[in-house]
């Protein structure tokens with residue numbers, strides 16, 4: 001019987017230690033009062049202290065710890081629900097952002113069939129003249145840099161062209 005009482009006392013002391021650690025971490029700013037970790041430590045400590053109190057016949061302490069457990073469990077449920085709602089809202093925002101960016105990308109890629117395309121599948125590339133609107137020429141011509149006759153590009157070797165032509169320039 002004395003081993004059982006010793007075990008019950010040790011469980012109670014461990015519960016008190018857990019509650020004190022939770023409170024010390026809260027006071028030092030290492031835990032937030034609205035965190036599941038803090039509430040979980042409080043519930044575990046209250047369970048140990050409540051079990052020890054009930055086994056020792058200290059009913060007022062056992063009832064107080066049972067109430068403490070109830071408050072902690074309710075707080076954990078509310079925090080979990082709040083965390084789940086935040087995650088769902090973030091997922092919705094991300095899905096909307098992804099959909100919008102794919103829509104914008106698709107809108108940028110959608111190009112009407114270029115003028116001057118040949119029947120054998122060559123794609124025409126629109127080239128802006130220095131003195132006039134854009135004209136369409138087949139891609140097999142010197143429209144592609146280094147594709148034949150004409151002057152070499154003025155950009156340094158190894159650097160790709162970074163400026164894209166806009167659809168409004170192609171359509172004009």
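Every number in this text was worked out from the coordinates using simple rules, so none of it is lab data. Every value quoted in this text rests on a predicted model; they were computed, and no experiment measured them. A quick note on method: Cβ atoms are made from the backbone with ideal geometry, for glycine too, and the neighbour counts reach across all protein chains shown.
So that you can scan it fast, the table gives a plain yes or no per residue for (1) out of contact with any helix residue (DSSP H, G or I) (no Cβ under 7 Å at 6 or more places or on another chain); (2) surrounded by 13 or more Cβ atoms within 10 Å (Cβ to Cβ); (3) touching a residue at least 60 places away in the same chain (Cβ under 8 Å):
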{"site": "5", "(1), (2), (3)": "yes, no, no"}
{"site": "25", "(1), (2), (3)": "yes, yes, no"}
{"site": "46", "(1), (2), (3)": "no, yes, no"}
{"site": "50", "(1), (2), (3)": "no, yes, no"}
{"site": "57", "(1), (2), (3)": "yes, no, no"}
{"site": "63", "(1), (2), (3)": "yes, yes, no"}
{"site": "67", "(1), (2), (3)": "yes, no, no"}
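Evaluating residue 34 against the criteria (1) under 32 Å from the mean Cα position of the chain (by Cα); (2) assigned to a helix (DSSP H, G or I); (3) in contact (Cβ under 8 Å) with a residue 40 or more places away in the chain leaves one unmet condition, (2).
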